[in-house]
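Written below as structure tokens is the structure these notes are about.
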Amino acid sequence: MTSSPALETTSISVIIPVIDDADYLQQLCERIGKQPHIGEIIVADGGSKDHLQRVVDSYPLTLLTSPPGRGVQMNTGARSAKGQILWFLHADTLPHERSTVEILKALEEPETVGGAFGFSLSEKRWYGPLFNWFIGMRSSLLCLPYGDQGFFVRHSIFLEVGGFPEIQIMEDVEVLKRLKEKGNFRLIDLPIGISPRRWDQEGVFKRTFLNWFLMIRYRCGARPEDLVSLYPQSKTGYEQDSK
């Protein structure tokens, strides 16, 4: 792809919230470290007790401390970001090697405010093909990708919508709704690898059913603090990932 001169000088700030995700963070940094257009990688730590510092020392990362909570941590990272584009990645994701090129290509359209990537499990599972298809249909037909699909957004638009709502659950769903009010939110036909660890820990059917139940409750007006009480504490250090 040949970018316009303006886009060739555009930089992307990668923002990664973590809690005890050092091993996943290392894999992610290996994957994105050589991608073009990345100006900085910001890690927002919500209280890790693992070997995070050792990983940070091995890569050109900016480490920030933050109160725990994915929305809070991502906002902490965004406040110090200098790039024209913000790219929010969960630590246990593996983006495609052409991700940054496709981000800039999508944002060549002035009406596009941001976007996300296609869903694909990063490891083989028996339920993988059906799972990938089902979530792909939900993402594209309903234009409803979730936060672990690598949200990217113009920095200026992110500020206009007030960043992520600092709620315990559904922060990705809420910010997506706000972004769509500002322009087009583009789903890129390129996969981002998603770790199956949450479904391995909790069971694929139980996890999927519960998250859809929570989504329906939220869209019917339930408060995030009430939904959190229905969801078991995640072993990843966060209350919930929306699937």
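The values are calculated or read from the model by the stated rules, or taken from the named source; none is laboratory data. Quick caveat, the model's predicted, so the values are computed rather than measured. So basically every Cβ, Gly included, is an ideal-geometry build from the backbone, and we count neighbours across all protein chains shown.
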Criterion violated by ASP148 - all others in (1) farther than 18 Å from THR93 by Cβ; (2) touching a residue at least 40 places away in the same chain (Cβ under 8 Å); (3) among the charged types (D, E, K, R) satisfied: (1)
Among residues of the range 54-111, those that are over 19 Å from LEU28 (Cβ atoms) and in contact with a Gly (Cβ under 6 Å, 6 or more places away or on another chain), counted: 4
Flag if PRO67 is more than 21 Å from VAL43 (Cβ to Cβ), surrounded by fewer than 20 Cβ atoms within 10 Å (Cβ to Cβ) and without any contact (Cβ under 8 Å) to a residue 40 or more places away in the chain: no
Selection within the range 129-144 - exposed (fewer than 13 other Cβ atoms within 10 Å of the Cβ) and either of a type in the set (A, V, I, L, M) or touching a residue at least 12 places away in the same chain (Cβ under 8 Å) (or both): LEU130, MET137, LEU141, LEU142
Filter result for the condition that a residue is within 19 Å of SER120 (Cβ to Cβ), in contact (Cβ under 8 Å) with a residue 12 or more places away in the chain and either surrounded by 17 or more Cβ atoms within 10 Å (Cβ to Cβ) or of a type in the set (A, V, I, L, M, F, W, C) (or both), over LEU187, LEU214: LEU187
Selected residue [in a helix (DSSP H, G or I) and in contact with a Ser or Thr (Cβ under 6 Å, 6 or more places away or on another chain)] from GLN53, GLN27, GLN73: GLN73
Where a residue in the range 38-50 is within 17 Å of SER13 (Cβ to Cβ) and β-branched (Val, Ile, Thr) and its partner, wherever it lies, is modelled with pLDDT of 95 or more and part of a loop (DSSP other than H, G, I, E, B), with Cβ under 6 Å and at least six apart: ILE41/LEU61; VAL43/LEU61
Lone unmet requirement of (1) within 30 Å of ASN184 (Cβ to Cβ); (2) crowded, with 21+ Cβ neighbours inside 10 Å; (3) acidic (Asp, Glu) for GLU40: (2)
Per-region count, the range 209-233, residues closer than 30 Å to GLU97 by Cα and modelled with pLDDT of 80 or more: 0
Odd one out for PRO67 among (1) at pLDDT below 95; (2) in a loop (DSSP other than H, G, I, E, B): (1)
Strands (runs of 3 or more DSSP E) within the range 83-181 that include 3 or more residues farther than 14 Å from ILE194 by Cα and among the hydrophobic types (A, V, I, L, M, F, W, C): 85-88
